[in-house]
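The values are calculated or read from the model by the stated rules, or taken from the named source; none is laboratory data. Quick caveat, the model's predicted, so the values are computed rather than measured. No Cβ is skipped: glycine too gets one built from the backbone with ideal geometry, and neighbour counts run over all protein chains shown.
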There are 2 protein chains.
Amino acid sequence: MEHNHDAILEKVRQDLPTDELLSDLSDLFKIFGDTTRCKILYALFESEMCVCAIAELLGMTQSAISHQLRILKDADLVGKRRDGKTIYYFLSDDHVRTIIAQGFEHLIEDYLEKEQET
Amino acid sequence: MEHNHDAILEKVRQDLPTDELLSDLSDLFKIFGDTTRCKILYALFESEMCVCAIAELLGMTQSAISHQLRILKDADLVGKRRDGKTIYYFLSDDHVRTIIAQGFEHLIEDYLEKEQET
DNA sequence: CTAACATATGAACAGTTGTTCATATGAATG
DNA sequence: CATTCATATGAACAACTGTTCATATGTTAG
């Protein structure tokens with residue numbers, strides 16, 4: 001850590017968001033960073049679903065799904081509505097779609113690049 | 001898990017991507033799901049930077065940064081170029097910007113909604 | 001070739017995360 | 001109002017993650 005880079009540092013420091021905001025941001029992405037949760041969100045692209053349907057779809061415990069749905073709900077990525085005994089979960093806004101779509105786009109470009117290399 | 005939802009299940013099953021793709025997708029988001037890595041990426045929005053500059057910027061060990069840069073490199077989110085002893089890291093494509101921008105947009109809308117509630 | 005600098009890497013450790021199991025809540029039905 | 005179904009929750013445990021410390025690699029200057 002000897003050579004000088006004060007110029008760049010100062011420029012970057014000005015535009016870097018606050019620690020709090022960056023922490024919130026990574027917390028948001030943390031939520032997408034789990035296969036189970038990605039599957040749930042993707043499933044909800046189609047239509048709202050009840051907990052047991054999701055559990056059946058993913059071949060997982062009702063408890064496991066319920067825990068994950070709580071996390072998604074806390075982050076305002078999904079909403080829920082009750083109909084009798086059943087509780088239906090649904091996507092709460094379209095950012096989820098856009099974020100996941102962007103992720104896919106990056107993946108696909110990566111795949112294409114790696115194909116070209118051969 | 002008693003009531004019937006075969007109709008929805010079948011519909012959703014058709015459009016659900018493969019486990020492998022969804023796993024790659026969540027692996028990608030996992031990378032954004034860490035404050036240090038988000039900060040690094042954000043810093044690289046401005047300009048390429050060497051490892052020690054990033055370390056100084058974030059007030060972290062050179063080693064810690066180096067470990068994280070490896071993860072970002074492995075995921076093709078950043079590239080590097082050597083100039084003498086120094087190695088400069090830079091964003092490898094614009095998806096990073098878009099993904100992070102979308103994340104921010106979701107956060108901001110959340111903040112606005114919570115303000116309205118009061 | 002050696003010293004100094006910039007970065008990379010591996011092992012170790014603490015902290016976090018996702019699942020399971022057991023159990024609790026809450027609504028409808030007879 | 002007791003039972004059944006749908007979901008939620010808490011504790012516990014294994015697996016994973018990020019940082020630190022020590023050390024290795026690789027480059028340049030003298």
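Computed quantities for the displayed model
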read-out: Flag if residue A:48 is more than 8 Å from chain B (Cβ to nearest Cβ), away from DNA strand C (no atom under 12 Å from the Cβ) and farther than 13 Å from residue B:5 by Cβ; value: no
read-out: Close pairs (8 angstrom Cβ cut-off, 6 or more residues apart or separate chains): touching a residue at least 40 places away in the same chain (Cβ under 8 Å) and at the interface with chain A (Cβ under 7 Å from one of its Cβ atoms) in the range B:7-29, among the small types (Gly, Ala, Ser) and assigned to a helix (DSSP H, G or I) anywhere; value: B:28/A:103
read-out: Subset of the range A:81-97 (residues that are more than 22 Å from the chain's Cα centre (by Cα) and basic (Lys, Arg)); value: A:82, A:85
read-out: The range B:56-111 - residue that is within 11 Å of DNA strand D (Cβ to nearest atom) and small (Gly, Ala, Ser) and, of those, farthest from residue A:94 (Cα to Cα); value: B:84
read-out: The range A:51-62 - residue that is farther than 14 Å from residue A:87 by Cα and more than 7 Å from chain B (Cβ to nearest Cβ) and, of those, nearest to DNA strand C (Cβ to nearest atom); value: A:61
read-out: Filtered residues of the range B:30-45 (kept if more than 7 Å from every other protein chain (Cβ to nearest Cβ) and touching an Asp or Glu at 6+ places or on another chain (Cβ under 8 Å)); value: B:45
read-out: Pairs with Cβ under 8 Å, 6+ apart, first in the range A:99-118 and in contact (Cβ under 8 Å) with a residue 40 or more places away in the chain, second surrounded by 14 or more Cβ atoms within 10 Å (Cβ to Cβ) and of a type in the set (Ser, Thr, Tyr); value: A:100/A:42
read-out: Some residue of the range B:16-29 being farther than 16 Å from residue A:103 by Cβ, of a type outside the set (D, E, K, R) and modelled with pLDDT of 95 or more; value: no
read-out: Residue in the range A:71-88 that is without any contact (Cβ under 8 Å) to a residue 40 or more places away in the chain, within 9 Å of chain B (Cβ to nearest Cβ), closer than 22 Å to residue B:14 by Cα and basic (Lys, Arg) present; value: no
read-out: Hey, residue A:44 in contact with a strand residue (DSSP E or B) (Cβ under 6 Å, 6 or more places away or on another chain) and within 15 Å of DNA strand D (Cβ to nearest atom) or not; value: yes
